1. Could you go through region 178-192 and let me know if any residue there is assigned by TED's automatic domain parsing to the domain that holds residue 118, modelled with pLDDT of 95 or more, buried (at least 21 other Cβ atoms within 10 Å of the Cβ) and in contact with a His (Cβ under 6 Å, 6 or more places away or on another chain).
2. Answer yes or no: is there a residue in region 88-111 that is touching a helix residue (DSSP H, G or I) at 6+ places or on another chain (Cβ under 8 Å) and basic (Lys, Arg).
3. Look through 167, 217, 172 and report the one residue that is crowded, with 24+ Cβ neighbours inside 10 Å and outside any helix (DSSP H, G or I).
4. Can you find, within region 4-48, the residue that is surrounded by the most Cβ atoms within 10 Å (Cβ to Cβ) among those that are within 19 Å of residue 80 (Cβ to Cβ) and among the acidic types (Asp, Glu)?
5. From 136, 141, 127, which residue is open to solvent by less than 50 Å² (accessible area, probe 1.4 Å) and more than 14 Å from the chain's Cα centre (by Cα)?
6. List every residue pair whose Cβ atoms lie under 8 Å apart, where the two residues are 6 or more positions apart in sequence or sit on different chains, the first residue falls within region 141-153 and is closer than 19 Å to residue 70 by Cα and part of a loop (DSSP other than H, G, I, E, B), and the second residue, located anywhere, is open to solvent by 50 Å² or more (accessible area, probe 1.4 Å) and of a type in the set (Phe, Trp, Tyr).
7. State all residues of region 34-52 that are of a type in the set (Ser, Thr, Tyr) and in a loop (DSSP other than H, G, I, E, B); if no residue qualifies, say none.
8. Give me the pairs: first residue in region 218-239 and in contact (Cβ under 8 Å) with a residue 60 or more places away in the chain, second residue surrounded by 21 or more Cβ atoms within 10 Å (Cβ to Cβ), beta-carbon distance under 6 Å, and six or more apart or on different chains, which are they?
Amino acid sequence: MGDKLKVTVRRGGPGAQHDQTYAVPAEDNQTVLDVVSWIQQYADPTLSYRFACRVGMCGSCAMTVNGVPRWTCRTHVRKVSERPEIHIAPLRNLPVIKDLVADMDPFFDKWIGAEALHHPSRSREEAIAPIDPQDAARQEADLGIECINCAVCYAACDTVAGNPDYLGPAALQRAWTLLNDAKDGAHDTILDAVSGTGGCHACHSMGSCTQHCPNELDPMRAIAGLKRDTVRRAFRGRR
């Protein structure tokens with residue numbers, strides 16, 4: 001790779017962004033987050049970015065690297081570029097607060113819009129309902145529980161880019177998880193939310209969400225499940 005890495009970073013805030021280039025020492029096993037941290041510590045302390053765990057557990061370091069949304073802590077420079085240069089930008093489809101920091105509020109607002117939050121079916125005074133881990137619905141729910149809300153799928157989604165009302169793959173996947181959870185007490189509420197404008201039927205099934213999920217989840221499968229269940233309910237009536 002040579003002694004120096006040419007790193008171009010998208011800088012600025014809402015409505016006023018520009019690219020700025022830095023020369024960063026190239027190291028073996030260097031991650032993109034290592035590069036961003038070096039710039040902030042040694043070249044430009046005004047650079048803003050977000051990170052926490054550094055080991056692929058929290059998802060807060062997600063950025064766009066050479067046009068692809070990724071967790072930067074687990075993305076090695078050699079993996080994304082054969083040449084000694086990379087371009088780093090904030091996540092797509094989200095407002096920019098400053099530099100590489102995206103505003104996550106719209107992303108989580110979509111979760112609320114999809115009713116992708118647990119609706120208790122029992123009070124805290126009641127015994128916890130037993131769940132069979134081999135139950136088909138439980139196994140379906142388990143497929144999506146490792147989502148850590150990093151918004152990589154949301155940034156990768158072209159439907160979100162073209163339709164600001166679309167709830168997005170993460171929110172819909174969470175809704176599908178809850179729909180298959182016997183402990184959730186508002187299945188009809190969830191189906192109402194995901195069948196409306198911007199819901200699961202707005203998905204074009206291009207699969208970018210599944211392709212880019214760092215945890216190898218399959219939001220497109222979940223969205224297909226929501227489409228089936230909303231159509232079945234339309235023909236059969238409410239549960």
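1. Yes, there is a match, as at least one residue in region 178-192 is assigned by TED's automatic domain parsing to the domain that holds residue 118, modelled with pLDDT of 95 or more, buried (at least 21 other Cβ atoms within 10 Å of the Cβ) and in contact with a His (Cβ under 6 Å, 6 or more places away or on another chain).
2. Within region 88-111, one or more residues are touching a helix residue (DSSP H, G or I) at 6+ places or on another chain (Cβ under 8 Å) and basic (Lys, Arg).
3. Values: 217 fails: crowded, with 24+ Cβ neighbours inside 10 Å; 172 fails: outside any helix (DSSP H, G or I).
Checking each option against the conditions leaves just 167.
4. That would be 34.
5. On the way: 136 fails: open to solvent by less than 50 Å² (accessible area, probe 1.4 Å); 127 fails: open to solvent by less than 50 Å² (accessible area, probe 1.4 Å).
So the residue among 136, 141, 127 that is open to solvent by less than 50 Å² (accessible area, probe 1.4 Å) and more than 14 Å from the chain's Cα centre (by Cα) is 141.
6. As it stands, the answer is 149/108, since those pairs meet every condition given.
7. Keep residues of region 34-52 that are of a type in the set (Ser, Thr, Tyr), which gives 37, 42, 46, 48-49.
Matches in region 34-52: 46, 48, 49.
8. Here the result reads 219/153; 219/169; 219/173; 219/209; 222/144; 222/173; 222/176; 225/176, each pair linking region 218-239 to a residue that is surrounded by 21 or more Cβ atoms within 10 Å (Cβ to Cβ).
The values are calculated or read from the model by the stated rules, or taken from the named source; none is laboratory data. Since the model is a prediction, treat every value here as computed from it, not as a measurement. Quick reminder, even Gly has a Cβ in these numbers, built from the backbone with ideal geometry, and neighbours come from all protein chains shown. The accessibility values were calculated without ligands, DNA or RNA, using every heavy atom of the protein model including side chains. Shrake-Rupley method; radii C 1.70, N 1.55, O 1.52, S 1.80 Å.
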